[in-house]
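The structure under discussion appears below in the form of structure tokens.
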Amino acid sequence: MRKNYGPVYALPSALWISAFFVVPISIIFMYSFLEKGLYGGVVWKFSLEAYRALSNCAFLKVSLMTVVLSVLATLITLALALPAAYFIARSRYKNTLLFLVIIPFWTNFLIRIYAWIAILGNSGFLNNFLLRLGITHGYTQFLYNPFAVIIVLVYTYLPFALLPLYSTIEKFDFSLLEAARDLGATNSQAIFRVLLPNIKTGIFTAVLFTFIPAFGQYAVPQLVGGRNSFMLGTIIARELTVTRNWPLSSSISVALTVLTTAGVLVFLRINNNLGGKTKAEHAASTRLHLQIKQHDA
Amino acid sequence: MKGSQIKIEGVSKNFGDFQALKNVSIEIKKGEFFSLLGPSGCGKTTLLRIIAGFEDPSGGDVTLDGASVLPLPSNKRHVNTVFQSYALFPHLSVFENVAFPLRLKKLDNSTIARRVGEYLQLVKLDAHKEKLPDKLSGGQKQRVAIARALINEPSVLLLDEPLSALDAKLRQHMLLELDAIHDTIGITFIYVTHDQEEAISVSDRLAVMNGGEVLQVGTPSEIYETPEDLFVASFIGETNFFSGTVASVEGSSALIDAEQCGRIRAFMDKSVAPGDHITLAVRPEKIRITLERPDQCDKGLNCLSAAVDEIIYTGFLSKYFVALRGGHTLRVFKQHVNYFAEESKIAFGDKVHVWWDVGDGFIVEVKRL
């Protein structure tokens, strides 16, 4: 039998994650239980003050807004990405189209947000366009509201949803759709009963890839959102840099992490229940397969 | 007899510049097991897809019991398909795969359970109904696909090379089962295959296709014993070809000067005139091989002398490759009756006589100069 080098291969990434993820998040967790220093920083004295501040009505409102904005952005992203990924997977020009999806990454994220300001702004392209056509009279305020945040969030995460969807749809056996129609299904029945269940993994990945980063977004609500569209990320930054209440910004961060993790766990549970037996069976067969492989080696 | 009569009338199909089907017309009878046989790319699958409703023909019509099916989408046709790759739904159990068409019709659970049970029994899969498709063997998947295609009680079942993914032994077995299912259900089967043995052993009638055209339609024995076309003769079974010019015509037979062996006599299944250039086909098992020259050589037999080049012993028969005087090789198959007393006496290098009945040669091609 060959020696198992698995742990050795995993060591570099384990070190990296420990140093730059586990340690910082532990520091944040620790800071959230300390007293705030006068000019930022912390005083090394245990306190629950930072968590007491979380029950504040304003904070709860921002939490709710964060959930609403990121859920809406995720749903819209999915609705746009699914048909697009399907189209790309079936297209003769899929490589070119995939390339086009990736092109925006060549430009810095912040610059792309500023581009949206140039489009949606008071003297931006959209306003000028509508004025020229005579549809509007005078400038319309498109920026600094929840809609602008959603538009830019959708724009930002569309490729992240599109790529996993594309990769599962591309592997999908399209003769299954023909089989469904042959057996009496209409086009939409074929899509809902055969296509969607078989690309479930892609859909779940796309949802996670969109929802988690959108939930923690800071730059987008900061730049295109207004006073009524704060997200948790925005106030974490404000508490850290402006108000300089480090314990509070830490406790909000902890809350954000807990909320995201809880959301993902619930989501995974739903996923598992939908195809519970399938998954378990799959896991069992994978284990068996691995055992056989090891045995062979 | 259940099932439907299908008429394919002048169907053609173009993919860009490529003509996949050229004016194909076939009439398939009610309840028939009909095969479309041809090499890959001959248009047989395209024809099947047109009947199923996955492709629209560029011209012509397809009718089921006299009514055109072309205006109907595939989900409205009383036709179901067994796909080459089975196309089982990987997220559904065997039971749910078979139940899929019934669920679409929103039948109640007890009806679904009863009917799925019946069809799973028909294909002998009732023990595996909770399994997912990827836990099944190839033969089992095949059965699920058949049960699923039958449960809607279609009047025509289309089978697109359903056995090509199975190994040879299983293929024989499934073929017999398909035949049994056809006898039980009694609907029309249209079976697409490139395997001539499958087509011949199981079909009531078959159409041989090549290059988008139907070359011959007939019962398996008609196709094998009386091929009308050079391609049909060469595609189905093994054949010896002689090419030559018609020297003269006497009654129902013609004298032919063959390039390979000199003057031979051929039955005129196609009318020929002196001077025509023809190709004659003779099946290897129709040719006899003996050490002695037979007596009837001048009365209705074609006799040639040859030398044994090679003998391939295959168990129940031997294949002799004999060189004619001109150097041309002729294949002769002889089934073993008493191997040690008879067949083993002919050995490599022996001078032998090969001979066949004039009626066993078929003119498969005529070129008029």
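The values are calculated or read from the model by the stated rules, or taken from the named source; none is laboratory data. Because the structure is predicted, anything quoted here is derived from the model rather than measured. FYI the Cβ positions are ideal-geometry reconstructions off the backbone, even for glycines, and counts take in every protein chain you see. Surface areas here come from the heavy atoms of the whole protein model, side chains and all, with no ligands, DNA or RNA. Shrake-Rupley method; radii C 1.70, N 1.55, O 1.52, S 1.80 Å.
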**OP:** Those residues that are part of a helix (DSSP H, G or I) and either surrounded by 23 or more Cβ atoms within 10 Å (Cβ to Cβ) or not polar (S, T, N, Q) (or both), I need them from region B:100-117; list them, please.
**Re:** B:Phe100, B:Pro101, B:Leu102, B:Arg103, B:Leu104, B:Ile112, B:Ala113, B:Arg114, B:Arg115, B:Val116, B:Gly117
Original post:
In region B:234-267, how many residues are surrounded by 13 or more Cβ atoms within 10 Å (Cβ to Cβ), in contact with a helix residue (DSSP H, G or I) (Cβ under 9 Å, 6 or more places away or on another chain) and either closer than 26 Å to B:Met209 by Cβ or among the basic types (Lys, Arg) (or both)?
Top reply: 7
Subject >> Output for region A:174-190, where each listed residue is within 7 Å of chain B (Cβ to nearest Cβ) and either open to solvent by less than 10 Å² (accessible area, probe 1.4 Å) or assigned to a loop (DSSP other than H, G, I, E, B) (or both) >> reply: A:Leu176, A:Ala179, A:Asp182, A:Leu183, A:Gly184, A:Ala185, A:Thr186
Original post:
Could you count how many residues in region A:161-173 are within 14 Å of another protein chain (Cβ to nearest Cβ) and either in a loop (DSSP other than H, G, I, E, B) or farther than 30 Å from B:Asn80 by Cα (or both)?
Top reply: 2
Subject >> Filtered residues of region B:337-352 (kept if open to solvent by less than 100 Å² (accessible area, probe 1.4 Å) and β-branched (Val, Ile, Thr)) >> reply: B:Ile346, B:Val352
**OP:** Tell me, please, whether a residue that is closer than 29 Å to B:Gly211 by Cβ, buried (at least 23 other Cβ atoms within 10 Å of the Cβ) and at the interface with another protein chain (Cβ under 10 Å from one of its Cβ atoms) can be found in region B:87-99.
**Re:** yes
Original post:
Residue check: is A:Gly134 small (Gly, Ala, Ser), free of Cβ contacts under 8 Å to residues at least 12 places away in the same chain, within 14 Å of chain B (Cβ to nearest Cβ) and at positive phi?
Top reply: no
Subject >> Test for B:Ile8: is it part of a strand (DSSP E or B), over 19 Å from B:Ser201 (Cα atoms), open to solvent by less than 20 Å² (accessible area, probe 1.4 Å) and free of Cβ contacts under 8 Å to residues at least 60 places away in the same chain >> reply: yes
Subject >> Residue among B:Phe362, B:Phe348, B:Phe333, B:Phe340 that is without any contact (Cβ under 8 Å) to a residue 24 or more places away in the chain and on the phi < 0 side of the Ramachandran plot >> reply: B:Phe340
Original post:
Consider B:Glu198 against the criteria (1) open to solvent by 40 Å² or more (accessible area, probe 1.4 Å); (2) in contact with a strand residue (DSSP E or B) (Cβ under 9 Å, 6 or more places away or on another chain): it satisfies all of them except one. Which criterion is unmet?
Top reply: (1)
Subject >> Residue that is touching a helix residue (DSSP H, G or I) at 6+ places or on another chain (Cβ under 9 Å), surrounded by fewer than 19 Cβ atoms within 10 Å (Cβ to Cβ) and of a type in the set (D, E, K, R), where the choices are B:Lys319, B:Lys270 >> reply: B:Lys319
Original post:
Pick from region B:155-184 the residues that are open to solvent by 10 Å² or more (accessible area, probe 1.4 Å) and touching a strand residue (DSSP E or B) at 6+ places or on another chain (Cβ under 8 Å): which of them is farthest from the other protein chains (Cβ to nearest Cβ)?
Top reply: B:Asp179
**OP:** Report yes if some residue within region A:264-281 is within 26 Å of A:Ala237 (Cβ to Cβ) and either surrounded by 10 or more Cβ atoms within 10 Å (Cβ to Cβ) or modelled with pLDDT of 85 or more (or both); otherwise report no.
**Re:** yes
**OP:** Those residues that are away from every other protein chain (no Cβ under 11 Å), more than 19 Å from A:Leu163 (Cβ to Cβ) and crowded, with 20+ Cβ neighbours inside 10 Å, I need them from region A:191-216; list them, please.
**Re:** A:Phe215
**OP:** Quickly run through region A:99-157 and pick out the residues that are part of a helix (DSSP H, G or I) and of a type in the set (S, T, N, Q).
**Re:** A:Asn127, A:Asn128, A:Thr156
Subject >> Search result, residues across region A:121-175 that are small (Gly, Ala, Ser) and in contact with a Leu (Cβ under 9 Å, 6 or more places away or on another chain) >> reply: A:Gly121, A:Gly124, A:Gly138, A:Ala148, A:Ala161
**OP:** Tally the residues that are of a type in the set (Phe, Trp, Tyr), under 22 Å from the mean Cα position of the chain (by Cα) and surrounded by 12 or more Cβ atoms within 10 Å (Cβ to Cβ), restricting the search to region A:86-107.
**Re:** 1
Subject >> Lone unmet requirement of (1) out of contact with any helix residue (DSSP H, G or I) (no Cβ under 7 Å at 6 or more places or on another chain); (2) assigned to a strand (DSSP E or B); (3) buried (at least 18 other Cβ atoms within 10 Å of the Cβ); (4) without any contact (Cβ under 8 Å) to a residue 60 or more places away in the chain for B:Ile50 >> reply: (2)
**OP:** Please go through region B:201-213 and pick out each residue that is within 22 Å of B:Gln5 (Cβ to Cβ) and either open to solvent by 40 Å² or more (accessible area, probe 1.4 Å) or of a type outside the set (Val, Ile, Thr) (or both).
**Re:** B:Ser203, B:Asp204, B:Arg205, B:Leu206, B:Ala207, B:Met209
**OP:** Report the residue count in region B:120-154 for those that are away from chain A (no Cβ under 13 Å) and open to solvent by 20 Å² or more (accessible area, probe 1.4 Å).
**Re:** 11
**OP:** Identify, from the list A:Thr234, A:Thr201, the residue that is more than 27 Å from A:Trp246 (Cβ to Cβ) and among the polar types (S, T, N, Q).
**Re:** A:Thr201
Subject >> Residues satisfying the stated conditions in region B:76-86, i.e. part of a loop (DSSP other than H, G, I, E, B), within 8 Å of chain A (Cβ to nearest Cβ) and either open to solvent by less than 10 Å² (accessible area, probe 1.4 Å) or at pLDDT 90 or above (or both) >> reply: B:Phe83
